[in-house]
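The structure appears right after this line, and notes come after that.
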Amino acid sequence: MNTRSEHQPIIEMRDIEKHFGSVIALAGVSVDVYPGECHCLLGDNGAGKSTFIKTMSGVHKPTHGEIIFEGRPMNFDDPRDSIAAGIATVYQDLAMIPLMSVARNFFMGNEPIRKIAGIPFYDKDHADRITMEEMKSMGINLRGPDQAVGTLSGGERQTVAIARAVHFGAKVLILDEPTSALGVRQTSNVLATIDKVRKQGIAVVFITHNVRHALAVGDRFTVLNRGKTLGTAQRGQITPDELQDMMAGGQELATLEGSLGGTV
Amino acid sequence: MSETAQTPPTSDERIKEMSGFRKALIRPELGGICGTVLVFTFFLLFAFDSGMFNSQGVLNWSVVSAQFMIIAVGACLLMIAGEFDLSVGSMIGFAGMMIAIFSVTYGWPVWLAITVTFLMCLVVGAINGYIVIRTGLPSFIVTLASLFILRGFTIYLPQTLENKTIIGGVRDAAEGDWLAPIFGGKILTGFFQWMGDNGLIGTFERGTRAGEPVVDGIPMLIVWAIILIIAGHVLLTKTRFGNWIFAAGGDPQAARYVGVPVNRVKILMFMFTAFCACVFATCQVMEFGSAGADRGLLKEFEAIIAVVIGGALLTGGYGSVIGAALGALIFGVVQQGLFFAGVESSLFRVFLGVILLFAVILNTYIRRMITGER
């Protein structure tokens, strides 16, 4: 049966623990992500979201626990290993260089090469053409490939970064709070991009603390609290209020919410 | 190609059409080009008859400009990679002195003296870079330290070894050496003789060299400047490594995330700057036939000013080698031009300060335009 292979998670994090000196940042977190799904990782500040995805992307080595990628246990020594394996991370603010053109940003670190008389040159025509095509398919109109990234809005920058990761063969795309600094319109653009990427069969790990954004695109939701998972829920099995409660640790928020009139 | 041209690009109503002027303005070379045109117009008008534009005059300011260009290329690439090197001037003095000590005091063959000096300079450059990368300190401070350390040695060594601060006799030592002409020689001498014979350029009218052209060839210093400018420009704009230089200076962390070896790029750029300083020093020693402990004083600032006039941002990530070369040309032409025009030469510094201020203000404005900051 082919459902078996379809339902093989592309990456499985088993019982991950991470200690920084005497601080236990992660105390046994297990999450699995399937191809073509958007797995939302929710949690309040300090819940361990960042530590967890940094473990996944090879920045941190887990103190304890296993990472199984495409069925094999993996040991990432540094981020380049995980990038090579197909795990791409788009960080909130550190994705793009504002003074460089969109095309040069897009191919940064992966510059296309054209040899002239044996000397490798940067293939500008190729880079410009691909960049324009990719941007068009993501719905961004550029003045030209030489336009500086600094002139793009925050949402467009996130989209360029996502398009870049997808173009260079990401199988797992980790998005670290891509919407937290964006306006309404830009947020919906980024969410639409996430949806497009997911439909291409790429596994998306979407980190956020905004329940609304998570529910808009998420297939499954895992809530982290104080370095532990509070369980994973399927889409449709959980209401926004329940998610919100889990994130904030239940009781305290309930009393707070009463005084705020349910606006949080 | 033709397909993309046929489909009219759906324009975003929020993006204003850029005027040609603004488009030109965001090219880093623009300031340098305008300055060059301005400077040449000025001196053509006011100093044309002074001999500034005959063969000897042209050679005079070309050599001075080429000196600035050589160190400006190195400083430019380093600045785009996000770092400074204040030790360039001291490095020039140090390299020249080492060549003189090796070849004159120790009697080594000149090619060996030059080769060993180049290696020493590259090592010093690499150490500068390594310390900056390892400690995360501003390169300004680290290279300020090397400025004093190198200058100190440049004075101490000849005083201890020879009891003087100028070592001469390099020209005699370089006689018949195969490597020395690459730095101290001249090219196209036949062509200049031909031009002299045909009355296109001035010739000596009497004396032992009667009939020979006053300018008998293009010094290798100028050739080095042109080679370094072309190599630097191609490296920066046409290669993968060039993209890494921009990335390392623009945002090192973002560059690291996508796999750019930022540390390696920066250290290599420190080494390249040291290499350029060493080229300068070698050409100078071969030309003068001596090395002095005070050579290269303040050159680091002149290099940085040329680069900034050329449109590079002090914060890194943006700039152009061609711009830096034009900045150096402006520098050389004005410095020598004021002399030809009979203006008090101390005014050169006033000019320098004023033009630097203008360049920095213009660059800040340009950066705001590129990044859309307000």
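Filtered by the rule that a residue be modelled with pLDDT of 85 or more and among the β-branched types (V, I, T), region B:356-374 gives B:V360, B:I361.
Specify the residue that is nearest to the other protein chains (Cβ to nearest Cβ); the eligible residues are those in region B:301-320 that are under 14 Å from the mean Cα position of the chain (by Cα) and among the aliphatic types (A, V, I, L, M). By that ranking, first place goes to B:A312. Only residues that are more than 30 Å from B:E175 (Cβ to Cβ), assigned to a helix (DSSP H, G or I) and not small (G, A, S) were counted in region B:105-150, giving 16. Those helices (runs of 4 or more DSSP H) of region A:35-126 in which at least 3 residues are within 11 Å of chain B (Cβ to nearest Cβ) and touching a residue at least 24 places away in the same chain (Cβ under 8 Å), considering only elements entirely within it, cover A:102-106. Examine region B:269-291 for a residue that is within 14 Å of chain A (Cβ to nearest Cβ), farther than 29 Å from B:A173 by Cβ and in a helix (DSSP H, G or I), and state whether such a residue exists. No, there is no match, as no residue in region B:269-291 is within 14 Å of chain A (Cβ to nearest Cβ), farther than 29 Å from B:A173 by Cβ and in a helix (DSSP H, G or I). Here the condition is being over 17 Å from the mean Cα position of the chain (by Cα) and surrounded by 24 or more Cβ atoms within 10 Å (Cβ to Cβ); of B:A277, B:A281, B:A291, it holds for B:A291 alone. Here region A:127-144 is the region considered, the condition is being assigned to a loop (DSSP other than H, G, I, E, B) and of a type outside the set (D, E, K, R), and the residue that is farthest from the other protein chains (Cβ to nearest Cβ) is A:M138.
Residues checked against (1) open to solvent by 20 Å² or more (accessible area, probe 1.4 Å); (2) modelled with pLDDT of 85 or more; (3) within 21 Å of A:L224 (Cβ to Cβ):
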site	(1), (2), (3)
A:E17	yes, yes, yes
A:L26	no, yes, yes
A:Y34	yes, yes, yes
A:E37	no, yes, yes
A:F69	no, yes, yes
A:M74	yes, no, no
A:P79	yes, no, no
A:A84	yes, no, no
A:T89	yes, yes, yes
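Annotation: of all residues in region B:36-86 being within 30 Å of B:A126 (Cβ to Cβ) and among the polar types (S, T, N, Q), the one that is least open to solvent (accessible area, probe 1.4 Å) is B:S65.
Looking at B:G296, is it within 14 Å of chain A (Cβ to nearest Cβ), surrounded by 23 or more Cβ atoms within 10 Å (Cβ to Cβ) and part of a loop (DSSP other than H, G, I, E, B)? Against the criterion (within 14 Å of chain A (Cβ to nearest Cβ), surrounded by 23 or more Cβ atoms within 10 Å (Cβ to Cβ) and part of a loop (DSSP other than H, G, I, E, B)), B:G296 does not qualify. Candidates are the residues of region B:251-268 that are in contact (Cβ under 8 Å) with a residue 40 or more places away in the chain and open to solvent by 30 Å² or more (accessible area, probe 1.4 Å); the one that is nearest to the other protein chains (Cβ to nearest Cβ) is B:D251.
Every residue, every condition in (1) within 28 Å of A:Q158 (Cβ to Cβ); (2) hydrophobic (A, V, I, L, M, F, W, C), yes or no:
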{"residue": "A:V23", "(1), (2)": "no, yes"}
{"residue": "A:C40", "(1), (2)": "yes, yes"}
{"residue": "A:K54", "(1), (2)": "yes, no"}
{"residue": "A:S57", "(1), (2)": "yes, no"}
{"residue": "A:P79", "(1), (2)": "yes, no"}
{"residue": "A:A103", "(1), (2)": "yes, yes"}
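Inspect all residues belonging to region B:310-317 and state whether any of them is without any contact (Cβ under 8 Å) to a residue 24 or more places away in the chain, β-branched (V, I, T) and surrounded by fewer than 22 Cβ atoms within 10 Å (Cβ to Cβ). No; the residues of region B:310-317 include none that is without any contact (Cβ under 8 Å) to a residue 24 or more places away in the chain, β-branched (V, I, T) and surrounded by fewer than 22 Cβ atoms within 10 Å (Cβ to Cβ).
The values are calculated or read from the model by the stated rules, or taken from the named source; none is laboratory data. It should be emphasised that the depicted structure is a prediction, and the values quoted were computed from it without experimental measurement. So basically every Cβ, Gly included, is an ideal-geometry build from the backbone, and we count neighbours across all protein chains shown. Surface areas here come from the heavy atoms of the whole protein model, side chains and all, with no ligands, DNA or RNA. Shrake-Rupley method; radii C 1.70, N 1.55, O 1.52, S 1.80 Å.
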